Amino acid sequence: MRLVILGGPGAGKGTQGRMLCENLGIPWIATGEIFRAAIESDTELGRQAAPYVEKGDLVPDPITIELIRHRLTQPDTENGWLLDGYPRTAFQAEELDFLLGDLGQELNWAIWLDAPVPVLMQRSLDRSRDDDAPEIIRRRIDLFHQRTIPITGYYKPRNKLLRIDGDRPSEVIQQDLLDKLAATQA
Ligand code: ADP
């Protein structure tokens with residue numbers, strides 16, 4: 001199964017994405033995690049991404065798109081994958097379709113983990129990461145509305161959007177996801 005998961009900072013993409021990958025036996029590919037690991041180990045990618053990640057800004061498309069292209073041609077991706085944090089803009093969603101076209105693959109679903117802004121804000125504040133200072137969180141939530149929400153308008157007319165209520169306990173959300181994905185495969 002080939003999936004992307006969309007949601008604001010604190011929507012639970014990481015938690016749900018990771019659980020879903022374990023349940024489905026596919027790799028979890030999270031651009032934010034890849035950037036943070038690269039910054040931590042001070043690689044070339046890390047040095048390029050750091051100024052953006054630290055401010056809560058989007059890493060420029062050429063860097064991000066190349067990262068995804070490279071990652072989706074690794075051998076562990078043959079039976080599917082889940083992308084968390086990519087695409088983040090309608091442009092990246094189109095780029096993903098171009099890439100999948102080149103690879104002869106097709107996306108099954110864009111899962112939209114929907115949660116109200118106060119919930120996003122509170123959950124992000126509850127976990128403390130370097131890029132989780134309140135003003136940076138606010139910036140990421142604003143960017144999510146400006147840049148990422150429009151992606152739902154890209155997937156919806158293509159019948160690829162699966163909206164899930166993210167303001168519920170984690171196990172309930174996961175079960176709902178598994179049920180809905182199973183139903184769409186039947
Ligand atoms: P969030 O909790 O906001 O979903 P992520 O862990 O997905 O955060 O991403 C952390 C940071 O990594 C973002 O604020 C951004 O700087 C960078 N980043 C991650 N994915 C992308 C992407 N697809 N395009 C551009 N920048 C990205």
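The values are calculated or read from the model by the stated rules, or taken from the named source; none is laboratory data. Keep in mind it's a predicted model, so treat the numbers as computed, not measured. Note: ideal-geometry Cβ built from the backbone for every residue, glycine included; neighbour counts use all protein chains shown. Note: accessible area is taken over every heavy atom of the protein model, side chains too, but ligands, DNA and RNA are not part of it. Shrake-Rupley method; radii C 1.70, N 1.55, O 1.52, S 1.80 Å.
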### Summary
Here, Ala50 and Val117, labelled 7 Å along Cα→Cβ, have an inter-label distance in nm of 3.3 nm
### Message
Leaving ligands and nucleic acids out of the surface, order Val4, Val117 by accessible area at 1.4 Å, largest first.
### Response
Val117, Val4
### Query
If you project the alpha carbons of the chain onto the principal axes, what extent comes out on each, in Å, largest first?
44, 37, 29
### Task
Work out, in µm²/s and without decimals, the Stokes-Einstein translational diffusion coefficient of the stretch 7-65 at 25 °C, 0.890 mPa s, Rh from Kirkwood over C-alpha pairs.
195 µm²/s
### Query
Straight-line reach from Lys156: which lysines have a Cα under 26 Å away, not including same-chain ones fewer than 8 places off?
Lys13, Lys180
### Summary
Arg168 and Asp61 label points (each 7 Å along its Cα→Cβ direction) are spaced in nm at 3.6 nm
### Query
What's the FRET efficiency of Asp179 with Leu100 using the Cβ-Cβ distance as r and R₀ = 22 Å, to the nearest 0.05?
0.30
### Task
Name the shape class, rounded, prolate or oblate, that the alpha-carbon gyration tensor gives for the stretch 35-117, where a ≥ b ≥ c are the square roots of its eigenvalues, rounded holds for a/c under 1.5, and otherwise prolate holds if a/b is larger than b/c and oblate otherwise.
oblate
## Note on the structure
Given Cβ charges of +1 for Lys and Arg and -1 for Asp and Glu, the option among Gly80, Gln16, Ile68 whose Cα lies farthest towards the positive end of the dipole of the stretch 8-110 is Gln16
### Message
Please state the shape class of the stretch 79-186: rounded when a/c is under 1.5, otherwise prolate if a/b exceeds b/c and oblate if not, all from the C-alpha gyration tensor.
### Response
oblate
### Task
Whenever you get a sec, compute what percent of the accessible area on the stretch 46-186 sits on carbon and sulfur atoms (1.4 Å probe).
51 percent
### Query
Taking the stretch 79-127, how much of its Cα-Cα pair set, in percent, is spaced more than 11 angstrom apart?
76 percent
### Query
With the other protein chains left in place, how much accessible area per residue, in square angstrom, belongs to the chain at a 1.4 angstrom probe?
50 Å²
#### Entry: Charged-residue dipole, Cβ positions (Lys, Arg, Asp, Glu), the chain about Cα centre, Debye nearest 20
440 debye
### Query
Summing Lys, Arg as +1 and Asp, Glu as -1, what charge do residues with Cβ under 10 Å from the Cβ of Glu106 carry, Glu106 excluded?
+1
### Message
Could you sort Ser124, Ser41, Ser170 by their accessible area in this structure, using a 1.4 Å probe and putting the largest first?
### Response
Ser41, Ser170, Ser124
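Loop only by DSSP, 11 or fewer other Cβ within 10 Å of the Cβ. Give me the trypsin sites (Lys or Arg not before Pro) in the stretch 57-128 that pass, ordered by residue number. All intermediate terms of the calculation are to be shown ahead of the outcome.
Working: sites: Arg69, Arg71, Arg88, Arg123, Arg127; in loops: Arg88, Arg127.
Here the sparse-neighbourhood loop sites are Arg127.
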